[in-house]
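Here is the structure we will look at.
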Amino acid sequence: DGGITQSPKYLFRKEGQNVTLSCEQNLNHDAMYWYRQDPGQGLRLIYYSQIVNDFQKGDIAEGYSVSREKKESFPLTVTSAQKNPTAFYLCASSIWGANTEAFFGQGTRLTVV
Amino acid sequence: GIQVEQSPPDLILQEGANSTLRCNFSDSVNNLQWFHQNPWGQLINLFYIPSGTKQNGRLSATTVATERYSLLYISSSQTTDSGVYFCALRQANAGKSTFGDGTTLTVKP
């Protein structure tokens with residue numbers, strides 16, 4: 001099956017801990033994205049990557065880090081510096097460019113306990 | 001950056017009713033998508049529609065790029081249509097999308 005796989009679906013973190021969210025795609029897309037969604041709100045861009053070994057900050061990058069060592073994978077680390085990490089995180093991929101369609105994974109719900 | 005406004009923010013319908021959701025944007029765009037977010041949080045692609053009109057079953061969408069708006073029509077609504085509907089835009093030379101705040105649709109049996 002072609003698509004985007006995020007894991008885990010649910011994640012609990014203690015305050016002060018770093019956690020890494022996984023995102024894998026087999027659509028052969030160059031571009032990958034991480035969004036954050038808070039209850040009742042739209043999606044805000046955290047980081048995006050146009051190509052392997054390159055990534056750019058989005059609108060709310062503080063407290064997050066990413067890597068792009070493989071085309072298929074774009075993990076997101078939520079660091080202890082992120083003041084309010086409890087949220088729903090969505091990963092997406094697309095062919096890079098303005099005239100292309102983006103596809104999303106099923107999301108990871110992170111809760112700080 | 002580009003501003004995206006969706007209306008109405010909330011919509012409650014009886015099963016079988018029709019509805020129109022609107023997405024207004026403040027600048028020219030190269031790309032517009034409509035998504036449905038289901039109760040489990042997944043975003044389902046509905047339409048890729050930078051201009052013109054498309055139909056898929058009970059759903060159709062129209063984008064008038066020159067007037068900077070897009071409409072999503074849902075006919076004969078069903079309870080499974082409930083959820084949040086987002087429009088997302090991309091401008092020229094931008095590979096990343098900007099989302100509206102969504103319209104929350106509740107269809108009652």
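The values are calculated or read from the model by the stated rules, or taken from the named source; none is laboratory data. Small disclaimer: the values here were computed from a predicted structure and weren't measured. Please note: Cβ atoms are built from the backbone with ideal geometry, for glycine as well, and neighbour counts cover all protein chains shown.
Output the number of residues of segment B:37-59 satisfying the condition of being in contact with a Gly (Cβ under 7 Å, 6 or more places away or on another chain) and either within 11 Å of chain A (Cβ to nearest Cβ) or within 19 Å of A:Ala98 (Cα to Cα) (or both).
The total comes to 4.
Residues in segment B:65-109 that are more than 13 Å from chain A (Cβ to nearest Cβ), of a type in the set (Ser, Thr, Tyr) and over 14 Å from B:Gln33 (Cβ atoms): how many?
10
Quick check: is even one residue across segment A:69-78 free of Cβ contacts under 8 Å to residues at least 40 places away in the same chain and either assigned to a loop (DSSP other than H, G, I, E, B) or among the polar types (S, T, N, Q) (or both)?
yes
Quick check on segment A:91-105: of everything there that is outside any strand (DSSP E or B) and at pLDDT below 95, which residue is farthest from the other protein chains (Cβ to nearest Cβ)?
A:Ile95
Given the options B:Gln42, B:Gln37, B:Gln6, B:Gln33, name the one that is of a type in the set (S, T, N, Q), touching a Leu at 6+ places or on another chain (Cβ under 6 Å) and under 27 Å from A:Ala87 (Cα atoms).
After applying the criteria, what remains is B:Gln37.
Going by the conditions given, is B:Thr62 surrounded by 17 or more Cβ atoms within 10 Å (Cβ to Cβ), of a type outside the set (A, V, I, L, M), closer than 15 Å to B:Gln33 by Cβ and away from chain A (no Cβ under 14 Å)?
Here the answer is yes, as B:Thr62 does meet what is asked.
Of the numbered conditions (1) more than 11 Å from every other protein chain (Cβ to nearest Cβ); (2) buried (at least 19 other Cβ atoms within 10 Å of the Cβ); (3) touching a residue at least 24 places away in the same chain (Cβ under 8 Å), A:Phe55 fails exactly one; give the number of that condition.
With respect to (1) more than 11 Å from every other protein chain (Cβ to nearest Cβ); (2) buried (at least 19 other Cβ atoms within 10 Å of the Cβ); (3) touching a residue at least 24 places away in the same chain (Cβ under 8 Å), A:Phe55 is out only on (3).
So A:Ser65 ticks every box in (1) touching a Leu at 6+ places or on another chain (Cβ under 8 Å); (2) within 14 Å of chain B (Cβ to nearest Cβ) but one. Which box is left unticked?
Only one criterion in (1) touching a Leu at 6+ places or on another chain (Cβ under 8 Å); (2) within 14 Å of chain B (Cβ to nearest Cβ) is unmet by A:Ser65, namely (2).
Could you check how many residues of segment B:13-60 are among the β-branched types (Val, Ile, Thr) and either in contact with a helix residue (DSSP H, G or I) (Cβ under 9 Å, 6 or more places away or on another chain) or closer than 17 Å to B:Gln91 by Cα (or both)?
The total comes to 2.
Condition first: over 23 Å from B:Phe86 (Cα atoms) and surrounded by fewer than 16 Cβ atoms within 10 Å (Cβ to Cβ). Now tell me which residues in segment A:74-113 satisfy that.
The answer is A:Thr77, A:Thr79, A:Ser80, A:Ala81, A:Lys83, A:Asn84, A:Thr111, A:Val113.
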